[in-house]
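The values are calculated or read from the model by the stated rules, or taken from the named source; none is laboratory data. All values reported here derive from a predicted model rather than from experimental measurement. Cβ sites come from the backbone with ideal geometry, for glycine too, and all protein chains shown count toward neighbours. Just the protein is used for accessible areas: all its heavy atoms, side chains included, with ligands, DNA and RNA removed. Shrake-Rupley method; radii C 1.70, N 1.55, O 1.52, S 1.80 Å.
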Amino acid sequence: MTTRSVATALFVSLPWLLALPPGIAATTEFCLHGEFDLGARLQGTLPAAGEFVDTSFCVTTEDSGPRVLFRGEGKSNPDMHGEFTVAFLPPDTVRIVNRGASPDLEFRPADIAHEADNYRRLDPRRLVAMLEQHPEWTGPGPGDGWRIVRYPGASRVVSVQITGGRLAMARTLADLPLRGTVPVIWTWDWSADGEPAARLEVDGVLVFRGRGSWRVLDEDEAAALWHRGGGEPPTKIPGDAWPARVAMELETLADGVYLVHGVRTGFSHLVVDTDGGLVVGDAPAGWLELTQLPPADLVPGLGVSGLSERFVDFLAAELPGRPIHAVALTHHHDDHAGGARAFAAAGASVYAPAEVAPFLEEALNRETMPPDRFRTFGDTLGVHPVGDAVTLGTGSNRVRLVSLGRGPHAAAGLGLHVEEAGFFFQSDLHVPVSDAAVPRDNRAATECWFAAWAVTNLPADTLVLNSHSRVQTPVSRLARYLEDERCRP
């Protein structure tokens, strides 16, 4: 049965779904409004549960077609509030909808069917209807009302409990950086019939809690929903770049000083060839979309350590004969620190801010870590704490690991200062999109904080490098940030 016929059957097979006259097609928006724990997701100020922020997840689907739109609103980091809207437009188009800052971004041709379905299943009513239409996906579960589901294209099975035609629980496993292979559980409480309460637990820790609601879009709103934002033609991007791809390239900044771009889409890393070997900034890991069911990695097939293992292999090919001496984790967030096991397996020492080094050492040695190159050593990965500063190497390309202290983005951070060459690398603190001498509106607090730190601690001609942009900023330009009203006390 096609996705279109599944959607068409939805309102017929489940009469309690929405109060619609028979035969009338609808576009339905399901939203979860609640709180997301950034700390439990390992994207908070501290690597600890309890940093809840207001969050909404909405998925819009049709009962007469296979299009899906997902919108998330809230904080992706402690210092950044935003909204993300993505539309899946069969047969092969993904559109990031920039309602307030056109043009949209359009990826085509892209393989979208599985990801669209993963988001569609965030709506518990759609999930139940899809299973009723596809009994071949399911097998008997461990108890009353339970079914084992093997979705086409999914790498993990999902156990679901359906009681009285309603989803009560969905359980699966996921591989998460700094956690390993852990259970992911959605629980639904239908005591309030039209507004079910939902909880998402990861590794036994509450990550999201909220309440769901549905509404049917009127004909004009539904028609406008799928149009591009701002009216401008979208920016076209090859479909193989969605949702992320590995396309590494080595940029030479100076003799023995490099940036590696494209470890995954939007990620850059400093690499310095010291007299003791290579020093690398950050150990990247994949990103798991917990709002999909089952959760999906942006770079499928690489698991927890695979991204950094590819990075290690790239360095061996591009800089042959140069061992990796050290990797410096700029902060504890899992996408920047979660690949450290790959570097340890290559013989590198691991450094991190002293405040979070004990947490990272415990997390990187968890027994739940899936098989990777480090597992073959049967050893314990040690994380060297950096209090004030540590210098790696003795020659002209020596690297000074500098404590940045507590900032708006994380409770502790490190920068990598290649003093003689005049470069300073940091992650997630200064992320410019141009050579403008003013901070970005949506990151002003963090940009101003870092500008003040850089002006106080670095020479004016130092070039500041960052993990998510190719723009290089002299500290003298950051000094001009501090003249902007957003940076004034």
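Quick notes on this structure:
- Residue within the range 86-95 that is of a type in the set (Gly, Ala, Ser) and assigned to a loop (DSSP other than H, G, I, E, B) present: no
- Residue in the range 182-196 that is exposed (fewer than 13 other Cβ atoms within 10 Å of the Cβ), of a type in the set (Asp, Glu), without any contact (Cβ under 8 Å) to a residue 12 or more places away in the chain and outside any strand (DSSP E or B) present: yes
- Being small (Gly, Ala, Ser), outside any strand (DSSP E or B) and in contact with a helix residue (DSSP H, G or I) (Cβ under 7 Å, 6 or more places away or on another chain) is a condition met by at least one residue of the range 164-172.
- In the range 412-444, the qualifying residues are those that are among the aliphatic types (A, V, I, L, M) and touching an Asp or Glu at 6+ places or on another chain (Cβ under 6 Å), and the one that is surrounded by the most Cβ atoms within 10 Å (Cβ to Cβ) is 412.
- The single condition from (1) surrounded by fewer than 18 Cβ atoms within 10 Å (Cβ to Cβ); (2) at pLDDT 90 or above that residue 78 fails is (1).
- Boolean, residue 282 is under 29 Å from residue 182 (Cβ atoms), at pLDDT 95 or above, among the acidic types (Asp, Glu) and open to solvent by 40 Å² or more (accessible area, probe 1.4 Å): no
- The residue of the range 338-374 that is nearest to the chain's Cα centre (by Cα), among those that are crowded, with 21+ Cβ neighbours inside 10 Å and closer than 18 Å to residue 182 by Cα, is 338.
- Any hit, the range 121-138, residues being over 30 Å from residue 236 (Cβ atoms), in a strand (DSSP E or B) and open to solvent by 30 Å² or more (accessible area, probe 1.4 Å): yes
- Flag if residue 65 is surrounded by fewer than 21 Cβ atoms within 10 Å (Cβ to Cβ), outside any loop (DSSP other than H, G, I, E, B) and touching a residue at least 24 places away in the same chain (Cβ under 8 Å): no
- Single unsatisfied condition, residue 452 versus (1) modelled with pLDDT of 95 or more; (2) farther than 28 Å from residue 359 by Cβ; (3) small (Gly, Ala, Ser); (4) in a helix (DSSP H, G or I): (2)
- Taken as a whole, the range 237-254 holds at least one residue that is outside any loop (DSSP other than H, G, I, E, B), crowded, with 18+ Cβ neighbours inside 10 Å and at pLDDT 95 or above.
- Look at the range 212-225: where a residue is on the phi < 0 side of the Ramachandran plot and part of a helix (DSSP H, G or I) and a partner is basic (Lys, Arg) and open to solvent by 50 Å² or more (accessible area, probe 1.4 Å), sitting 6+ places away or on another chain with Cβ atoms under 9 Å, you get 225/67.
- Annotation note: of 310, 322, 341, the sole residue that is in contact with a Ser or Thr (Cβ under 9 Å, 6 or more places away or on another chain) and of a type outside the set (Asp, Glu) is 341.
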